[in-house]
Amino acid sequence: MNEHEIAKGLEVWILQNLLNVSILLGIMASGLLLAQGYYRELSRHLNLRVSRELWNLLTVLLADLMLVAVFLVGYVVLNPDIMADIKMAVPFYPIATLLFTAALVLRLFKGGHDVDSPNFDWSLRLTLAGNFINVLGFTFVAEAASDEYLAHHASPFWTYLKTHFRSNADPIGLEVSQVTFLVCFPLLLLLSAWAVKSALVGMKPSPPKA
């Protein structure tokens, strides 16, 4: 094994693990959003006003940071070359990335961090849908029945999923990856443009009251 092969193997290992961790972060982010009642109960045990404010800030910030990480990893791996190198469930993972990105935009720029805002409910629904799609892809495609199992228990179901919806499966998986990229990447750019536009609008000072 030469130096290039070692470097390539290390790159694939890092990207694959980043992708797997991002799936877990998405699940954790949804869990944090669902735990609003738990936060309120704990907040009652904090005596100082400053402590309560810091606690409220922390509970919002943690979920948003996790969603930012999910977006960044999703953007990095939504790349034709990387998709051909690592084991992704397509179009599951990229679609989930779009849903998490939309949820992040709502939370950061559309008041979705406020529990009383309708956009909080929408951001929660989007993260739950993203997690559902990720779990389906991870369980039934990326981590489908192993080749060792299929060697003794032939299964058209598992074989079809592994050969058609894994991004690095040659040739059909590679074709599905290309179609997924051509559809999902422009949508991700549109969501990013929406975020930038919303951020610029939010930076404008409010008109003075009459």
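Every read-out reported here was derived from the displayed coordinates using simple, explicitly stated rules and does not represent laboratory data. Note that this is a predicted model, so its numbers are computed, not measured. Neighbour counts are summed over all protein chains in view; Cβ atoms, including those assigned to glycine, are modelled from backbone coordinates with ideal geometry.
For this structure, a couple of remarks:
- Approximating the spin labels as points 7 Å out from Cα along Cα→Cβ, the residue 13-to-residue 164 distance works out to 3.4 nm.
- Evaluated at q = 0.16, 0.22 Å⁻¹, a Debye calculation over the C-alpha positions of the range 8-122 (equal weights, vacuum) places log10 I(q)/I(0) at -0.77, -1.16.
- The range 70-111 residues near the modelled residue 139 label - backbone nitrogen below 19 Å, point 7 Å along Cα→Cβ: 88-97
- Reachable lysines from residue 87, criterion Cα separation under 24 angstrom, eight or more residues apart if same chain: 8, 162
- Label-zone membership for the range 70-114, site residue 201, 7 angstrom Cα→C-beta point, backbone N under 14 Å: 105-112
- Loop-resident trypsin sites (Lys or Arg not before Pro) (DSSP state other than H, G, I, E or B) in the range 126-210 with no more than 10 further Cβ atoms inside 10 Å of their Cβ: 209.
- Ranked for footprinting exposure by Cβ neighbours inside 10 Å, fewest first, 203, 83, 88 give 203, 83, 88.
- Multiplying the residue separation of residue 36 and residue 194 by 0.36 nm and removing their Cα-Cα distance gives an extension gain of 54.1 nm.
- Neighbour counting of Cβ atoms within 10 Å sorts the residues 146, 43, fewest neighbours leading, into 146, 43.
- Overall dimensions of the chain, expressed as equivalent-ellipsoid semi-axes from the Cα gyration tensor (√(5λ), whole Å, largest first), are 38, 21, 16.
- Gain upon complete extension [residue 114, residue 150; 0.36 nm per residue less C-alpha separation]: 8.1 nm
- Note on the range 4-23 and the range 139-210: Cα centroid distance 17 Å, given to the nearest whole angstrom.
- Arranged from fewest to most other beta-carbon atoms within 10 Å of their beta carbon, 116, 121 become 116, 121.
- Spin-label model distance (nm) - residue 57 vs residue 125, 7 Å beyond Cα toward Cβ: 3.2
- Between the Cα long axis of helix 49-77 and the first principal axis of the chain there is an angle of about 30°, rounded to the nearest 10.
- For the peptides 13-21, 92-100, 106-114, the ranking by packing is 92-100, 106-114, 13-21, with the highest mean count of neighbouring Cβ atoms within 10 Å listed first.
- Per DSSP, loop trypsin sites (Lys or Arg not before Pro) in the range 1-91 with at most 11 further Cβ within 10 Å: 44
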